[in-house]
Amino acid sequence: MTVNRDISVSKSWTPTSWRNHPIAQQPNWPDQAEYEAVLKEIARRPPLVFAGEIRTLRDQLAEVCAGRSFLLQGGDCVETFEAFTADNIRDKLKVLLQMAIVLTYGSKAPVLKVGRIAGQFAKPRSSETETIDGVTLESYRGPAANDLAFLPEARRPDPWRLLRVYDQSAATLNLVRAFTHGGFASLSQVHAWNREFVRRSPRGRDYERVATEIDNALGFARACGMPVDHSVTSQVELFTSHDALFLGYEEALTRADSLTGEYYDVSTHFPWIGERTRDPDGAHVHYFSGVGNPVGCKLGPGTTTDEVDALVARLNPGNDPGRLTFIVRMGKDRIDENLPPLVRHVRAKGHQVVWSCDPMHGNTFTAATGQKTRHWKDIVAEVRSFFAIHEQEGTHAGGVHIELTGEPVTECLGGAGNITESDLVTRYETACDPRLNNEQALELAFCLVDLLHV
Ligand code: PEP
Ligand code: CO
């Protein structure tokens, strides 16, 4: 399906014009000349993704907008240089594929798969600095800027990290493309995506049942002479996304498409703007008003209808379905009060947006044992509210946005494995926010199937 792309980009927009707008959440690069030299180097490098792929994603998001498809977006809170291994990437892909298959099989609707992957290296922080025992250093802003260790040299932003981010993103994407197109993601492999430690869990057994039914259906179709050994069943499309926070990096990877002349951010298919950088007059919204990518924008509990109108006016003036996704992250205690007025307003105004639910970032708290965590039941509660609100308003609950990993970490509480506060220390590995582990993520997919049925 081709959609009308009337983005009336302001005449004053250029890939660098964001520099004239107030900007939040940027590292304090110590040497400006060195920083600009690194950006110049990145600007010479090949694109990570291609304009044609980005347009395909936009068309598929238009399907989500129309209520015909469901968006599954997930991955690490932040990718790190340390966890950069083939196994780690493969396991993340496995859990996304498992969730997608449960959702597709259960809901009988197409599932659009997007990873927080191959570029998710920059973090917004609630404070510019961190103070421990009287020592104040720059906050950790993700591996794209500095290191987590609380030492002056570790926290000093180093622009050469941006080049490493580009390289790691390229290698990650290369492996993802190989996995998704080289047979690993084939429907004939559904059993192989279940990992041993999950297989024995209640949800792992539910998954095995789904996988067996799919195997049987494929066997039956093949026996009847239907063409099941085809790219439709042997390949998967996984798009990439990240919080496009450091605009110098995004600018260096902004290119004019040779076919259409339109600008695209070729660092990722689907950039999003975070809760702390969505000022309608700020640099981030300005930058994304000028590129052809679909854009996500987080909406926290304090979002007003005027802000929504300003974001739509700047980011989707052509009212093009699939261009703009609102990712709601209000928290389970605030969503029931704060989301309905926004949904009603958007519907009344006729704004074409995808509504997605991030049930992670509004439900974070510090456990008595000191770790930042989230409870499984709070995450599910926010997702349930999100679906109920859309049901009530007659709008489409279009997707979910989840922090997860394929490893059996112990970062979020609860779930079928009943992780308790005293378990958190066992495998608490995230460099930023707590992620659902493989089993908890799969369990969420089964909960979503029930919700998609109502
Ligand atoms: C995130 O998605 O990791 C994040 C920081 O989100 P938000 O901007 O919603 O706080
Ligand atoms: Co996070």
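Picking from HIS401, HIS396, HIS390, which residue would you name as being within 15 Å of ligand 1 (Cβ to nearest atom) and either hydrophobic (A, V, I, L, M, F, W, C) or closer than 30 Å to ASP320 by Cβ (or both)? Give the derivation first.
Numbers: HIS396 fails: within 15 Å of ligand 1 (Cβ to nearest atom); HIS390 fails: within 15 Å of ligand 1 (Cβ to nearest atom).
That would be HIS401, the only listed residue that is within 15 Å of ligand 1 (Cβ to nearest atom) and either hydrophobic (A, V, I, L, M, F, W, C) or closer than 30 Å to ASP320 by Cβ (or both).
Candidates are the residues of region 181-200 that are assigned to a loop (DSSP other than H, G, I, E, B) and either β-branched (Val, Ile, Thr) or in contact (Cβ under 8 Å) with a residue 60 or more places away in the chain (or both); the one that is nearest to MET99 (Cα to Cα) is ASN194. Residue count for region 236-265 under the criterion of being surrounded by fewer than 17 Cβ atoms within 10 Å (Cβ to Cβ) and of a type outside the set (Asp, Glu): the result is 5.
Of the strands (runs of 3 or more DSSP E) lying entirely inside region 344-409, the ones with 2 or more residues being among the charged types (D, E, K, R) are found at 372-374.
Residues that are within 16 Å of ligand 2 (Cβ to nearest atom), of a type in the set (S, T, N, Q), in a loop (DSSP other than H, G, I, E, B) and farther than 16 Å from VAL353 by Cβ: does region 78-88 have at least one?
Step one: of region 78-88, the residues within 16 Å of ligand 2 (Cβ to nearest atom) are 78-80, 83.
Applying the additional criterion that residues be of a type in the set (S, T, N, Q) yields 80.
Narrowing further to those that are in a loop (DSSP other than H, G, I, E, B): 80.
With farther than 16 Å from VAL353 by Cβ added as a condition, the list becomes 80.
Looking for residues that are within 16 Å of ligand 2 (Cβ to nearest atom), of a type in the set (S, T, N, Q), in a loop (DSSP other than H, G, I, E, B) and farther than 16 Å from VAL353 by Cβ, one finds at least one in region 78-88, hence yes.
Which ones in region 201-235 are surrounded by fewer than 12 Cβ atoms within 10 Å (Cβ to Cβ) and in a loop (DSSP other than H, G, I, E, B)? Those that are surrounded by fewer than 12 Cβ atoms within 10 Å (Cβ to Cβ) and in a loop (DSSP other than H, G, I, E, B): CYS224, GLY225, MET226, PRO227, HIS230. Condition check for TYR166 on (1) surrounded by 20 or more Cβ atoms within 10 Å (Cβ to Cβ); (2) aromatic (Phe, Trp, Tyr); (3) not in a helix (DSSP H, G or I): one failure, at (3).
Among the strands (runs of 3 or more DSSP E) contained in region 237-320, which hold 1 or more residues that are modelled with pLDDT of 95 or more, within 16 Å of ligand 2 (Cβ to nearest atom) and touching a strand residue (DSSP E or B) at 6+ places or on another chain (Cβ under 9 Å)? I'd like the intermediate steps shown before the answer.
Details: elements: 238-243, 254-256, 263-265, 270-273, 295-299.
Once the strands (runs of 3 or more DSSP E) in region 237-320 are filtered for at least 1 residues that are modelled with pLDDT of 95 or more, within 16 Å of ligand 2 (Cβ to nearest atom) and touching a strand residue (DSSP E or B) at 6+ places or on another chain (Cβ under 9 Å), what remains is 238-243, 270-273, 295-299.
Close Cβ contacts (under 6 Å, 6 or more residues apart or on different chains) running from residues in region 348-367 that are under 19 Å from LEU71 (Cβ atoms) to residues that are outside any loop (DSSP other than H, G, I, E, B) and within 11 Å of ligand 1 (Cβ to nearest atom) comprise SER356/ILE327; SER356/HIS401; CYS357/VAL328; ASP358/ILE327; ASP358/HIS401; MET360/GLU403.
Scanning region 298-314 turns up at least one residue that is more than 20 Å from GLY52 (Cβ to Cβ), out of contact with any Lys or Arg (no Cβ under 6 Å at 6 or more places or on another chain), aliphatic (A, V, I, L, M) and surrounded by fewer than 19 Cβ atoms within 10 Å (Cβ to Cβ).
Okay, residues lined up against (1) buried (at least 22 other Cβ atoms within 10 Å of the Cβ); (2) in contact with a Lys or Arg (Cβ under 7 Å, 6 or more places away or on another chain); (3) small (Gly, Ala, Ser):
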residue	(1), (2), (3)
VAL64	yes, no, no
GLU79	yes, no, no
ALA83	no, no, yes
ILE89	yes, no, no
GLN98	yes, no, no
ILE101	no, no, no
PRO110	no, no, no
VAL114	yes, no, no
ALA118	yes, no, yes
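For (1) out of contact with any Leu (no Cβ under 9 Å at 6 or more places or on another chain); (2) not aliphatic (A, V, I, L, M), each residue gets a yes or a no:
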{"position": "LEU71", "(1), (2)": "no, no"}
{"position": "CYS77", "(1), (2)": "yes, yes"}
{"position": "PHE81", "(1), (2)": "yes, yes"}
{"position": "SER107", "(1), (2)": "no, yes"}
{"position": "LEU112", "(1), (2)": "no, no"}
{"position": "ALA122", "(1), (2)": "no, no"}
{"position": "SER127", "(1), (2)": "yes, yes"}
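Return yes when THR56 is modelled with pLDDT of 95 or more, open to solvent by 40 Å² or more (accessible area, probe 1.4 Å) and of a type outside the set (A, V, I, L, M, F, W, C) and no when it is not. So THR56 passes the test. For region 404-454, filtered to residues that are of a type in the set (S, T, N, Q) and within 16 Å of ligand 1 (Cβ to nearest atom), the residue that is surrounded by the most Cβ atoms within 10 Å (Cβ to Cβ) is THR405. A single member of THR366, THR395 is within 16 Å of ligand 2 (Cβ to nearest atom), surrounded by fewer than 18 Cβ atoms within 10 Å (Cβ to Cβ) and farther than 23 Å from GLY75 by Cβ, and it is THR366.
The values are calculated or read from the model by the stated rules, or taken from the named source; none is laboratory data. Values in this document were obtained by computation on a predicted structure and should not be read as measured data. So basically every Cβ, Gly included, is an ideal-geometry build from the backbone, and we count neighbours across all protein chains shown. Note: accessible area is taken over every heavy atom of the protein model, side chains too, but ligands, DNA and RNA are not part of it. Shrake-Rupley method; radii C 1.70, N 1.55, O 1.52, S 1.80 Å.
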